[in-house]
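Report on the structure given below.
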Amino acid sequence: MRKHTLLTAVACTATALSLTGTAVAGAAAPATPSTTAATPAKPADFNGDGYPDLAVGAHTATVNGLKRAGAVSVVYGSATGFQYDKASVISQATDGVAGDPRETGVWSHVSGHGDFDKDGYDDLLVAAYSRVEILWGGKQGITGASATVPDGSMPTGPNRLYAATAIGDVNGDGTPDIHSVTWGNGRLGHGQVTEFGPFDRTTGKPKSIVHRATDVKDGHDTSSVHVGDMTGDGIADMVIGGYTKEWAPKRTLFKGTRTSGLVKVGAVPDVTPSTSGGFGDINGDGHQDFVRGGGEKVTVTYGGPNGLSTTLPSRTYSQSSSGVPGTSETGDLFGNTVTVADTDQDGYADILIGAPGETGTDPATTARSGALTILRGSKTGITTTGAKSFTQNSTGIPSTSELDDKFATTLRVLDSDKNGKPEVYVGGHGEDNFTGRVWKLTTDTTGVIGTGATSFTLTDLGGPKGLASFGFRTTG
């Protein structure tokens, strides 16, 4: 039988991402970052107490005896870290949430956060396919008060295909906007839609809606949308990825503006298909850089005043790159998840890379057990010097790598107690036959460490037992 180490707070309660180049190892040692370093994305604060919070999806959880009905949990930060005994567990059985729980309803995927109604509290976005719902934050946190964002009538009549792909303020009005992939007529009817905030608290209706037919205007359909400030002007920019008629991957960068809408900058150099993306200031120049993963590799495109750096070319890394831990193999899903954050407190953002399909030393018992890799940022960009890798078999990390655990399916970096030392929250939704688990890894000036790692499950937060896929989606 497995032995799990739970967080002390839980144990004491009954429920509780130019030209693509080859990666170069041993880049110059980090120097002092720019004094105009880009501001990281604001962490979620659902109850307005000034401490970051974390939402974790459990889309296959049992609710009122209905299997795979789905639930969402929220843990709240404090001066002592996350308060697991005060977590919220929300489902369609919760007062205020639209609809009723139903078997195999898989409600609902955690998709992001932001203050969508401008009341001073962050709100939680949950979505599944074309449905988008906002769970309103407040003094008590996430309680079930909610509104469904209407699909709306777009200029060409498309529907959302993948809801709430990204969240970010692309018109600089101080309110986050929701960006989704849409579907029209035929494969090249794909496009992208932005629903601008603020959103009406009762009806969920956005202030306005703008649809872009990327198949007509940009020569590719839309399969992914990522939002971050690559120009460093304080307004979010957008990267839209998709495929041409010839099925060649293509990615386009748009600059966000206050007066002219999204302005097309041009193609993002690398055309590797991606399944994930993130933004952060890796070289400390005041511009966020775009990191995307997919196809067993991760590519970094550096930002600049016009969106793309003219001094640093894009670089691609895989487990075959010098200095990167592990061996590149099909099925590892290296880069399936990426997040960008400064884990070693040196002023340069690092890349955290999930490989939930990674297999350990024994394929029969550790296939798809998962692994986490960290590549450090520096003044010259990403360096593989000092790269780290962790699995459940790493010293100090609770539990053991086993078949289909899918460790590092999701990754979030937060400072739940605001002590200046961020924590890394690693989701593994396959843990214990898809019950799911989230691990907390601590950090010091060397970056992420295994020592002192802990973990928690949906049950520890007061949620139902059994199959829940807890940790498949997170935001915070």
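The values are calculated or read from the model by the stated rules, or taken from the named source; none is laboratory data. The structure displayed is predicted, hence computed values, not measured ones. Counting neighbours? That spans all protein chains shown, and the Cβs are built from the backbone with ideal geometry, glycine included. When the accessible area is computed, the model is the full protein with side chains, heavy atoms only, and any ligands, DNA or RNA have been set aside. Shrake-Rupley method; radii C 1.70, N 1.55, O 1.52, S 1.80 Å.
Within region 423-443, the set of residues being more than 22 Å from S111 (Cα to Cα) and surrounded by 18 or more Cβ atoms within 10 Å (Cβ to Cβ) comprises D432, L441, T443.
Within region 63-86, the set of residues being in contact with an Asp or Glu (Cβ under 9 Å, 6 or more places away or on another chain), under 14 Å from N47 (Cα atoms) and of a type outside the set (G, A, S) comprises V74, V75, Y76, F82.
With respect to the conditions (1) at pLDDT below 95; (2) in a strand (DSSP E or B); (3) within 25 Å of P305 (Cβ to Cβ); (4) open to solvent by less than 50 Å² (accessible area, probe 1.4 Å), A163 lacks only one, and its number is (3). Just one of the listed residues (Y302, Y317, Y243) is among the aromatic types (F, W, Y), surrounded by 18 or more Cβ atoms within 10 Å (Cβ to Cβ) and out of contact with any Leu (no Cβ under 7 Å at 6 or more places or on another chain), namely Y243. Taking region 75-114 as the range and being polar (S, T, N, Q) and more than 16 Å from K440 (Cα to Cα) as the test, the residues that pass are S88, S91, Q92, T94, T104, S108, S111. Filtered by the rule that a residue be over 27 Å from D229 (Cβ atoms) and either in contact with a helix residue (DSSP H, G or I) (Cβ under 6 Å, 6 or more places away or on another chain) or charged (D, E, K, R) (or both), region 280-338 gives E296, E329, D332.
Out of region 353-381, which residues are over 22 Å from T330 (Cβ atoms) and within 20 Å of the chain's Cα centre (by Cα)? Even if it seems obvious, please write down each step before you answer.
Pass one, region 353-381, residues over 22 Å from T330 (Cβ atoms): 374, 376-381.
Matches in region 353-381: I374, R376, G377.
Restricting region 63-77 to residues that are outside any strand (DSSP E or B) and open to solvent by less than 10 Å² (accessible area, probe 1.4 Å), the residue that is farthest from D417 (Cα to Cα) is A69.
Quick one: which of H287, H220 is assigned to a loop (DSSP other than H, G, I, E, B) and touching a Phe, Trp or Tyr at 6+ places or on another chain (Cβ under 7 Å)? Talk me through it step by step, then tell me what you get.
Working: H287 fails: touching a Phe, Trp or Tyr at 6+ places or on another chain (Cβ under 7 Å).
None of the others qualify; the one that does is H220.
V210 falls short on exactly one of the conditions (1) closer than 22 Å to A128 by Cα; (2) among the β-branched types (V, I, T); (3) open to solvent by less than 40 Å² (accessible area, probe 1.4 Å), and that condition is (3).
Applying the set (1) open to solvent by less than 10 Å² (accessible area, probe 1.4 Å); (2) in contact with a Ser or Thr (Cβ under 9 Å, 6 or more places away or on another chain); (3) modelled with pLDDT of 95 or more; (4) among the polar types (S, T, N, Q) to T175 leaves exactly one unmet item: (2).
Can you spot a residue in region 348-361 that is within 27 Å of G430 (Cβ to Cβ), in contact with a helix residue (DSSP H, G or I) (Cβ under 7 Å, 6 or more places away or on another chain) and open to solvent by 10 Å² or more (accessible area, probe 1.4 Å)? Reasoning before the result, please.
Here is the first cut: in region 348-361, the ones within 27 Å of G430 (Cβ to Cβ) are 350-361.
Checking the rest, the ones that are also in contact with a helix residue (DSSP H, G or I) (Cβ under 7 Å, 6 or more places away or on another chain) come to 359-360.
This time we only want the ones that are open to solvent by 10 Å² or more (accessible area, probe 1.4 Å), so: 359-360.
Yes, the conditions are met somewhere in region 348-361.
If you filter region 88-108 down to residues that are outside any loop (DSSP other than H, G, I, E, B) and open to solvent by less than 30 Å² (accessible area, probe 1.4 Å), you find that the one that is nearest to A58 (Cα to Cα) is I90. Residue pairs whose Cβ atoms lie under 8 Å apart, separated by 6 or more positions or on different chains, with the first residue in region 416-444 and over 18 Å from Y51 (Cβ atoms) and assigned to a loop (DSSP other than H, G, I, E, B) and the second open to solvent by 20 Å² or more (accessible area, probe 1.4 Å) and of a type outside the set (S, T, Y), are H429/K406; H429/F472; G430/R368; G430/D404; G430/K406; T435/K465; T435/G466; T435/L467.
Considering only residues in region 98-151 that are modelled with pLDDT under 95 and among the β-branched types (V, I, T), the one that is nearest to the chain's Cα centre (by Cα) turns out to be V110.
Among the residues here, F456 does not qualify as open to solvent by 10 Å² or more (accessible area, probe 1.4 Å) and of a type outside the set (D, E). All told, G284 meets the bar of being open to solvent by less than 10 Å² (accessible area, probe 1.4 Å), more than 21 Å from the chain's Cα centre (by Cα) and at pLDDT 95 or above.
Can you say whether V75 is of a type outside the set (D, E, K, R), under 24 Å from the mean Cα position of the chain (by Cα) and farther than 19 Å from K139 by Cβ, as far as the supplied structure shows? It is false that V75 is of a type outside the set (D, E, K, R), under 24 Å from the mean Cα position of the chain (by Cα) and farther than 19 Å from K139 by Cβ.
Has region 389-404 got at least one residue that is outside any loop (DSSP other than H, G, I, E, B), open to solvent by 50 Å² or more (accessible area, probe 1.4 Å) and at pLDDT 95 or above? Full working, then the answer.
To start, the set of residues in region 389-404 that are outside any loop (DSSP other than H, G, I, E, B) comprises 389-390.
Cutting the leftovers down to open to solvent by 50 Å² or more (accessible area, probe 1.4 Å) gives us 389.
From the residues that got through so far, the ones that are at pLDDT 95 or above too are 389.
Yes - at least one qualifying residue is present in region 389-404.
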